[in-house]
Amino acid sequence: MKVLDTVFVQGFIKMANDGFMQGWHERNGGNLSYRLKTEEVDSIRTRLFTNGEWSPIGTKVPGLAGEFFLVTGSGKYFRNIIVDPEACIAIIELDNIGENYRICWGLVDGGRPTSELASHLMNHEVKKIATNGSHRVIYHAHTTNTIALTFVLPLSDEVFTRELWEMATECPVVFPDGVGVVPWMVPGGRDIAVATSELMKKYDVAIWAHHGMFCSGIDFDLTFGLMHTVEKSAEILVKTLSMSPHKLQTIQPQNFRDLAVDFKLTLPERFLYDKN
Ligand code: 2HA
Ligand code: ZN
């Protein structure tokens, strides 16, 4: 089967374009990765190069040894993925110790996988364990309203989770575990990858202060939907704060507890603190 015709490559391209259309991917901002299923690798195996040069990942992900990933290319624009996917994205294979990768398909005009490869792979490794292999998608985008909030809210998991939950009733249902916040750090390296993957042990969402957001999920729809929901709630908060610094009424801690009962959720009490 042609690599471009596979359902997972088509889903990846659609998600990348959906993100671009949201305005989350100026220039080369953002990156996306997908951990292939064994049967997906088998369906395209004859089309993969197996003589590429190994390059260091920049970190160790032994839990992902031998796995294949579809990733966006470093410096490539999300805008161009739907126009020329083979130039903008790549399938990479990890070696048998999880320290090196090689390109097996794509990036036909040259290039390397995303500059955030270390973060993507460390998040995949954590999520593979935490979800028994069900999470396969890691998505990073420059979500405008969520970024704006990192300039005016305290950079704590508790405050971000509570404020986002309050702005849309669906939020505690969509991300009941809450969200984590990484303080400003230099992007592209191992340190920010370690900090993000630590948060991914607890949450499916990690916000990078003054930069963007990372989301993890089972498939393209759920992962995009998660980021969209968080960002929509952030937009409502930005609009509300722009009208007035004070809410006249809001969803109260007891309302969340009632919601948790009806929707059969566990909402950690540390997010339901008393604000008065
Ligand atoms: O340029 O978003 O964080 C890609 C990025 C780096
Ligand atoms: Zn970024």
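Using C-alpha pairs below 8 Å separated by at least 6 residues, the relative contact order for segment 164-258 is 31 percent. Measuring with a 1.4 angstrom probe and ignoring ligands and nucleic acids, LYS202 comes out at about 110 Å² accessible.
Judged by the mean number of other Cβ atoms found within 10 Å, the most tightly packed of the peptides 212-223, 230-241, 250-261 leads the ranking 212-223, 230-241, 250-261. Of the DSSP H helices in the chain, those with a Cα length along their own long axis of 20 Å or more and a mean Kyte-Doolittle hydropathy reaching -1.0 comprise 7-21, 220-243. The accessible area of VAL205, taken with all protein chains in place and a 1.4 Å probe, comes to roughly 0 Å². In summary, the lysines within cross-link reach of LYS232, defined as a Cα separation below 19 angstrom excluding same-chain residues under 8 places away, comprise LYS247.
So for segment 1-73, averaging the separation of alpha carbon pairs under 8 Å that are six or more residues apart and normalising by length, what relative contact order in percent results? The normalised contact order for segment 1-73 reaches 45 percent.
With Cα atoms defining each centre, segment 77-122 and segment 197-232 are spaced 20 Å apart in the structure. Which entries of LYS37/LYS76; LYS76/LYS239; LYS128/LYS201 have Cα-Cα distances beyond 22 Å here? Table pairs above 22 Å Cα-Cα are LYS37/LYS76; LYS76/LYS239. Near GLY212, no amide H atom lies under 5 Å from its own; only residues 5 or more places off or on other chains count, and H is placed 1.01 Å from N. Working from Cα pairs under 8 Å separated by at least six residues, relative contact order for segment 101-208 is 33 percent. Solvent-accessible area of segment 93-221 (1.4 angstrom probe, protein heavy atoms only): carbon and sulfur portion equals 53 percent.
Solvent-accessible area per residue in the chain equals 46 Å², computed with a 1.4 angstrom probe and all protein chains kept. Say a paramagnetic label sat at a point 7 Å from the Cα of THR131, along Cα to Cβ; which residues of segment 192-220 have their backbone N under 16 Å from it? Inside the label zone: 197-207, 214-220.
The values are calculated or read from the model by the stated rules, or taken from the named source; none is laboratory data. Computed from a prediction, not measured in an experiment: that's the story for all the values here. Note: ideal-geometry Cβ built from the backbone for every residue, glycine included; neighbour counts use all protein chains shown. Accessible surface is based on the protein model in full, side chains and every heavy atom, while ligands, DNA and RNA are left aside. Shrake-Rupley method; radii C 1.70, N 1.55, O 1.52, S 1.80 Å.
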